[in-house]
Ligand SMILES: [Zn+2]
């Protein structure tokens, strides 16, 4: 039995139109997501301004009155550790495979000063994005794999390094919200179970099988792509525990189906796959299930009419 059911939409879609659709949806959680990619630190900064506006606050109030809690999900590392610090503190940043430090993506996971800076900035970020669920989803950069190859980091896997950074963020979140919990994003290279680092007690698993296929259930072993995504799932659940474990899937992510490029393509939900997946997740002990639901707002309606998301809401309510 799922505890929480949600959808994640772009901050730029937060307004009257989605509020009206969500009020009738039966879901209890809305994730607000500034777009990812290499400019994620810029969309994050714009979103931090937007969430202070009257427009957003009244949107949030309206959802809260309908029993929907608002939280935020974002790639944050390049905002947390601004790249212009590179000239002053190159050792805070990542060593590429050739050993040279680079400001491109993430940071060194072994530099104590970088980690302390990360904690302080995360405390600030948590105050900019107060979460109704007390869950914070501040992810490392939006890149398949960018780990540090300095001598101190070299023996750590991408997942170990991601967990070190996530643990530091969890400590930072707790400086602002003493009950706050922080997501470890298992996605691309970090789908592997960490080997030599243990999670902070306030860290929970967020599983996002971005490279999956949608023609068959994620748990259909005949689908090679899906099998590769769920290969390590039992290990991840054993490692992080199923308490607070959350799925972030893509069944209604029309930004993915549109190649992350506007205009949005016409969207249709594969309800059979979605239903089988949601049941599979619930059976494995996940407490929360959500999906990106981007590119389905007003710009979708102008081209194609109201996006068919009711089927998704129904499947979640039945689970
Ligand atoms: Zn390093």
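When a/c reaches 1.5 or more, the comparison of a/b and b/c decides; with that in mind, is segment 150-193 rounded, prolate or oblate per its Cα gyration tensor? Because a/c hits 1.5 or more and a/b fails to exceed b/c, segment 150-193 counts as oblate.
From the alpha carbon centroid of segment 164-181 to that of segment 1-64 is 22 Å. Modelled label positions at residue 262 and residue 299, each set 7 Å beyond Cα in the direction of Cβ, lie 0.3 nm from each other. Ranked by how many other Cβ atoms sit within 10 Å of their own Cβ, fewest first, the residues 198, 88, 225 fall in the order 88, 198, 225.
Specify whether the C-alpha gyration tensor of the chain places it in the rounded, prolate or oblate class, a ≥ b ≥ c being the square roots of the eigenvalues: rounded for a/c under 1.5, otherwise prolate if a/b is larger than b/c and oblate if not. Don't skip to the answer; put the middle values down first.
On the way: a/c = 1.66, a/b = 1.33, b/c = 1.24.
Prolate, because a/c is 1.5 or more and a/b exceeds b/c.
Counting other beta carbons within 10 Å of each Cβ, put 265, 181, 3 in order, fewest first.
Numbers: 265 16, 181 21, 3 13.
Ranked by crowding around the Cβ, least crowded first: 3, 265, 181.
Ranked by how many other Cβ atoms sit within 10 Å of their own Cβ, fewest first, the residues 171, 54 fall in the order 54, 171.
Modelled spin-label separation between residue 124 and residue 220, with each label point placed 7 Å from Cα along the Cα-to-Cβ direction: 4.8 nm.
For segment 2-109, the Stokes-Einstein estimate of translational diffusion at 37 °C and a viscosity of 0.692 mPa s comes to 208 µm²/s, using the Kirkwood hydrodynamic radius over alpha-carbon pairs. Taking the 0 to 90 degree range and rounding to the nearest ten, how far is the long axis of helix 271-283 tilted relative to the main principal axis of the chain, both from C-alpha atoms? The angle comes out near 50 degrees.
The helix-only estimate of mean residue ellipticity at 222 nm for the chain, built from DSSP H runs of length n ≥ 4 each weighted as -39500 (n - 2.57), is -11000 deg cm²/dmol after division by the residue total.
Inter-label distance, residue 54 to residue 238: 5.7 nm, where each label sits 7 Å from its Cα along the C-beta direction.
Under 17 Å from a point placed 7 Å out from the Cα of residue 85 along the Cα-to-Cβ direction: which residues of segment 99-122 have their backbone N that close? Counting backbone N atoms under 17 Å from the label point, the list is 101-122.
Every number in this text was worked out from the coordinates using simple rules, so none of it is lab data. Predicted model, so just to flag it, every value in this text is computed and none were measured. No Cβ is skipped: glycine too gets one built from the backbone with ideal geometry, and neighbour counts run over all protein chains shown.
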